[in-house]
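This report concerns only the one structure given below.
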Amino acid sequence: MLGYWRSHFDYQNFLLSSIIKLYKANPTIVEYYSSSIQKLYTLNLDDIKSLVSPMYSLTGKPSNQQPELLRSFILMSDLGFYSLPKWIKHLRAHDILCTIIGVQKSNVPGLGTHYDFISRFWGMSPEAEKSAKDSLHPFTSKPRKKLGKNEKLPPKHPGVIKNLVEQALTGRTIETRHEKLFQQIFAKLAVEPSAKLGLLGNTQKLDISGDGTCLETGGSSLGIKTCDCVKKGVFNCKCNRRFSDPDARRGWDSYHEKWYYGHCLYFLSVYNPNVKKDLPIYFRMVQAQRYDGVTAIFALSEVRKMYPLFNFDKFIADAAHDNYPTYKLLNEWNIKAVISLNPKGKGKNKYEPPIGYTKDGIPICKCNQPMVYDWYDKGRSRIKYRCPLVKGKIKECPHKEECSPSAYGRVIYVKPSDDLRLFTAIPRNSDLWKQIMKKRTSSERVNKRILEDYNMEESHCRGKKRWCWWTLIHSINIHLDAQLSISKINILDILELAINKAC
């Protein structure tokens, strides 16, 4: 059962009173950990108590250090530790670290308590989790055939994206995902506080970018044989094997052009140009071979339910998301699609563009020049293009009089509904399109922060539960870093003020 939950106010008082003593004795070490102290000083864990309470029974021994355990994980991530056993030893050896998470040196939570804390919030019963871990899977060798540069694995089942979009449009989403509580904790502790501080920008007009990244597991791809085929002299049998990471699969890393064994981590991210911060607002762990275009449908459906007060204006993504069902879904939800065209889709438009249009759907005038985007008429759902001569893009035109004698120049309207993929609300390759498309790298920079800055792969985890947990912890730290960068609170100033008052 859930026992005593120390409030954020009580924790702050404990932290200040304890840190002041350490600061007087050794100010250097407090200054060294000042950023970590300030992170946890401002992180209010009271907001998730109502979320996690149902995960505890009404009987049994009370759990009394739940906020302290979460602070322990966040501090561990912030200081760059990857091994829990090493972290527990390090924590017990340093008074200041114990103080930062809110415990006495003699009362540090044990290793098993940390592991149980992770399992507590995973939406799978212990029996089901043990059954999944003990289940046997067939061994698959690494494919010999390699794909091309930046080429993605195609969807395993043709038409799956269309079926998912039809379900999403009727409001049906999969609510039984095991990491659901992780995502809700992330929203409460990180995303919503960042939104209140203005780090996400205008939440009524958010531009989100989606992208997946490869995550190599610490488990072996060979597995352990449980059959007796070797005794019979059969060494290359096809019998099922037991794997330490039963959820891991083989996928294609299009950036490094190699096959890998592990998972795929998909993020929806926001870039704020005013503070120059890239912040994740949603994450999901899927199998390595999962096509990003498939994951995007789940992600978009779930993120709208997670943040009902946010209004998503644009969805920015790479060519893996270039398919008609996705454009249809975004159009129905009034989200502008800024998606790169897939080279394989050239010449496969729903309605073949007539002669006089570029490959990006921009009309071409009689002087063989692309016309200039003027504006998007939302009321009539059409895009307006004007003469390049009148708009100053060219100096002369021999067809000026026959094209349009008006000083306003020739006007052409294009209706996006004719072909949602080709005629997007923001014209392809226009200056505005290029400017927005630059934000797509936001999701790639978030991936870099998780994999390189926080070195998540160095933990060599096994199992989707552990990978999702560390994704949650590192993502919270990314938000805390951003909040710290604009914070007007300086923990050292608070300590100096408290010492002066005491004197």
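Spin-label pair Cys367-Val230: with each label point 7 Å from Cα along the Cα-Cβ axis, the two points sit 7.8 nm from one another.
Charges were assigned to the Cβ only: +1 to each Lys and Arg, -1 to each Asp and Glu. The resulting dipole of region 396-492 about its Cα centre is roughly 500 debye. Here's how it looks for Asp313: its modeled amide H is under 5 Å from those of Leu206, Asp207, Ile208, which are all 5 or more places away or on a different chain. Net charge dipole, the chain: roughly 1340 debye, given to the nearest 20, about the Cα centre with Cβ charges of +1 for Lys and Arg and -1 for Asp and Glu. Note on Lys391 and Lys415: their simple-model spin labels are 2.2 nm apart, each label 7 Å out from Cα toward Cβ. Run a plain Debye calculation on region 267-328 (Cα atoms as equal point scatterers, no solvent) and give log10 I(q)/I(0) at q = 0.14, 0.22, 0.26 Å⁻¹, rounded to two decimals, same order as the q list. For region 267-328, the Cα-only Debye profile gives -0.46, -1.07, -1.32. Rounded to the nearest 5, what % of DSSP beta bridges with both residues in the chain are antiparallel? Taking every DSSP beta bridge with both residues in the chain, the antiparallel ones total about 80 percent.
Computed over neighbours whose Cβ is under 15 Å from that of Arg144, the net charge equals +4, Lys and Arg +1, Asp and Glu -1. For a bin width of 10 Å, list the pair-distance distribution of the chain built from all Cα-Cα distances, rounded to whole %. Each 10 Å bin holds this share of Cα pairs: 3, 16, 24, 22, 16, 10, 6, 2, 0, 0. Of the complete DSSP H runs in the chain, those spanning 27 angstrom or more by Cα along the long axis with a mean Kyte-Doolittle score not below -0.5 are 464-486.
For every helix of n ≥ 4 consecutive DSSP H residues, a contribution of -39,500 (n - 2.57) applies; sum these over the chain, divide by its total residues, and give [θ] at 222 nm rounded to the nearest 500 deg cm²/dmol.
Rounded to the nearest 500, it is -10500 deg cm²/dmol.
Lys/Arg Cβ at +1, Asp/Glu Cβ at -1, dipole of the chain taken about the Cα centre: which of Leu84, Leu480, Phe283 is farthest positive-ward? Working it through, the farthest residue towards the positive pole turns out to be Phe283. Rounded to the nearest 0.05, the FRET efficiency derived from the C-beta distance between Tyr32 and Arg144 at R0 = 56 Å is 0.65. Across region 195-204, rounded Karplus estimates of 3J(HN,Hα) from the backbone phi angles (6.51 cos²θ - 1.76 cosθ + 1.60, θ = phi - 60°) give 5, 5, 7, x, 6, 8, x, 7, 6, 8 Hz, Gly and Pro being marked x.
Within the chain, what whole-number % of the accessible surface is contributed by carbon and sulfur, with the 1.4 Å probe and all protein chains included in the calculation? Display every interim value, and only then the final one.
Values: 13070 of 25280 Å².
Carbon and sulfur: 52 percent of the exposed surface of the chain.
Quote the FRET efficiency, to the nearest 0.05, computed for Lys205 versus Ala407 with a Förster distance R0 of 41 Å and r equal to the Cβ-Cβ distance. Efficiency at R0 = 41 Å is approximately 0.70.
Charge dipole of region 351-450 (Cα centre as origin; +1 on each Lys and Arg Cβ, -1 on each Asp and Glu Cβ, all else neutral): 640 debye, rounded to the nearest 20.
Pairs exceeding a 23 Å alpha-carbon distance, out of Lys149/Lys438; Lys336/Lys400; Lys146/Lys314: Lys336/Lys400; Lys146/Lys314.
Please compute the per residue accessible area over the chain with all protein chains in place, 1.4 Å probe, rounded to a whole number of Å². If you can, show how the numbers build up before the last one.
Working: 25280 Å² over 503 residues.
For the chain, the solvent-accessible area averages 50 Å² per residue.
Principal semi-axes of the equivalent ellipsoid, √(5λ) from the alpha carbon gyration tensor of region 1-83, are 28, 15, 11 Å from largest down. The radius of gyration of the Cα set in region 105-208, together with its Dmax, comes out at 20.8, 58 angstrom. Per-residue 3J(HN,Hα) values for region 139-145, derived from phi via the Karplus relation 6.51 cos²θ - 1.76 cosθ + 1.60 with θ = phi - 60°, read 7, 10, 6, 5, x, 7, 6 Hz in sequence order (x marks Gly and Pro).
Summarising the amide proton neighbourhood of Gly102: residues at separation of 5 or more, or on other chains, whose placed amide H is nearer than 5 Å comprise an empty set. Exposed loop sites are taken as chymotrypsin sites (Phe, Trp or Tyr not before Pro) in a DSSP loop (any state but H, G, I, E or B) with at most 14 other beta carbon atoms within 10 Å; the longest stretch of the chain without one runs 5-234. Rounded to the nearest 0.05, the FRET efficiency derived from the C-beta distance between Lys162 and Leu136 at R0 = 56 Å is 0.95. Compactness of region 68-140 is given as radius of gyration and Dmax, 15.7, 50 Å, from Cα positions. Hey, if you put +1 on the Cβ of every Lys and Arg and -1 on every Asp and Glu Cβ in region 1-79, which of Gly60, Leu40, Ile19 ends up farthest toward the positive end of that dipole? Of the candidates, Gly60 comes out farthest on the positive side. Computed from phi, the 3J(HN,Hα) profile of region 384-395 under the Karplus parametrisation 6.51, -1.76, 1.60 (θ = phi - 60°) reads 9, 10, 10, 4, x, 5, 5, 7, x, 7, 10, 9 Hz, with x in place of Gly and Pro. Reducing region 300-314 and region 18-37 to their Cα centroids gives an inter-centroid distance of 41 Å.
The values are calculated or read from the model by the stated rules, or taken from the named source; none is laboratory data. Predicted model, so just to flag it, every value in this text is computed and none were measured. Using ideal geometry, Cβ is built from the backbone for each residue, glycine included, and neighbour counts are taken over all protein chains shown. Calculation scope for accessible area: heavy atoms of the full protein, side chains included, ligands and nucleic acids excluded. Shrake-Rupley method; radii C 1.70, N 1.55, O 1.52, S 1.80 Å.
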